[in-house]
Amino acid sequence: MRLAKENQRWGYEKIQGELLKIGSRLSVSSVRNTLKRHGVTPVSQRSTGLWRTFLGHYKDQILASDFFTVETIWLKTIYVLFFIELGTRKNYVSGGTTNPDTTWITQQARQLVWELKENDREKGYLIHNNDTKFTSSFDNVFSSEGIGIVHTPYQAPKANGLAERWVSIEEIHHAMGLISNPTLSF
């Protein structure tokens, strides 16, 4: 019990391993059952981790950004840039293009910053992945406004989970024909 309470990040196997070092031969299930009996929750519920803690404390100051694609019947791929506020889940669909070059994406960043200022919704951080479409000039627009850029680790979609889930939902709705956005004209 003491090991679990003093070491919030230790799971059943880690506790069992530490007990083995001092000569206690207990199985992992014995450790689990003992902790459950005394009301100690699993490690996933006891410890939230640094990333989750960061997101929890600063969610009202964080924007997440990503792209999703739409395939047209004319076999063209349209890249749609969107932003989502972590705290309120308010989303901003910036628009779509078949060619998301530096000029286009930088202009989308400027327009979002202007909109945030107009609505007194200042942010402290922008999270996005390492996609090459997110250029340094895109990041500079936000940095110049005092918004820190947080790049997610490579191949870690859970680090920008809210944006990834939003993309999945939008793709499902689009596939089912449930959404039509008149602002996206191509």
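One table, with the values for the structure above:
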quantity	calculated
Proximal aspartates and glutamates to LYS133, defined as alpha-carbon separation beneath 12 angstrom and excluding residues fewer than eight positions away on the same chain	ASP66, ASP101
For ASP66, residues with placed amide H under 5 Å, excluding near neighbours	PHE82
Inter-part distance where the stretch 66-131 and the stretch 13-32 are each reduced to a Cα centre, Å	50 Å
Sites THR88 and LYS5, calculated FRET efficiency, Cβ-Cβ separation with R0 41 Å, nearest 0.05	0.70
Cross-link partners of LYS5 among lysines (Cα-Cα below 19 Å; sequence separation of 8 or more within a chain)	LYS14, LYS21, LYS36
Check: the stretch 1-144 dipole with +1 on Lys, Arg Cβ and -1 on Asp, Glu Cβ, in debye	1160 debye
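Values in this text are rule-based calculations from the coordinates and carry no lab data. From a predicted model like this one, the values you see are computed outputs, not experimental measurements. Every residue, glycine as well, gets a Cβ built from its backbone with ideal geometry; the counts of neighbours run over all protein chains shown.
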